[in-house]
1. Would you grab the residues whose amide H sits under 5 Å from the one on ASP84? Only those 5+ places off in sequence or on another chain, please, with H modelled 1.01 Å from N.
2. So what J values fall out for segment 57-70 if you push phi through Karplus, 6.51 cos²θ - 1.76 cosθ + 1.60 with θ = phi - 60°, rounded to Hz, Gly and Pro as x?
3. Students often check this: by mean Cβ neighbours within 10 Å, which of 101-110, 63-72 ranks highest, and how do the rest follow?
Amino acid sequence: MPRNESIKKLRDQLVRRRDALHRALEGDLSLLRELHQEKTGDILDAAADSVQDELNSQLIEAESRELTAINDAITRFDQGCYGDCEGCGKPIPLTRLRAIPYATDCIDCRRKAENRNGSGSSVLWNRVFDSAEVDPV
Ligand SMILES: [Zn+2]
């Protein structure tokens with residue numbers, strides 16, 4: 001399949017993912033509001049609630065970050081520069097884009113950036129799209 005065709009499919013994937021994240025975020029936020037409205041007298045319940053709140057807020061933070069990355073990627077589609085490495089300007093290999101459709105740099109540039117900054121928040125990026133390979137090519 002030509003690179004252009006593959007990249008169009010990735011755009012569809014990104015749009016679907018963005019819609020799903022929007023829904024998840026809306027669901028999580030309403031759940032959080034419910035938890036805050038419930039008044040329980042039991043101190044153990046209160047502790048459990050605060051743990052749950054903490055988990056939810058971490059989840060929402062991760063989903064918000066991904067949503068931002070996906071919106072950026074869709075903007076790059078519209079500008080016609082999707083799939084080009086921001087570091088060296090070369091096309092990002094399709095295997096990398098299929099794994100991480102909103103990647104903005106090739107693996108070489110990513111490694112260089114991680115060496116500069118120390119290994120940071122890269123775990124999430126490698127896990128989010130691990131089902132992307134299931135699509136027929
Ligand atoms: Zn590069």
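1. The answer is ILE92.
2. These are the phi-based 3J(HN,Hα) values: 5, 5, 4, 5, 4, 5, 5, 5, 4, 5, 4, 4, 5, 5 Hz.
3. 101-110, 63-72
Read the figures in this text as sums done on the coordinates, not as results from a lab. Quick caveat, the model's predicted, so the values are computed rather than measured. Note: ideal-geometry Cβ built from the backbone for every residue, glycine included; neighbour counts use all protein chains shown.
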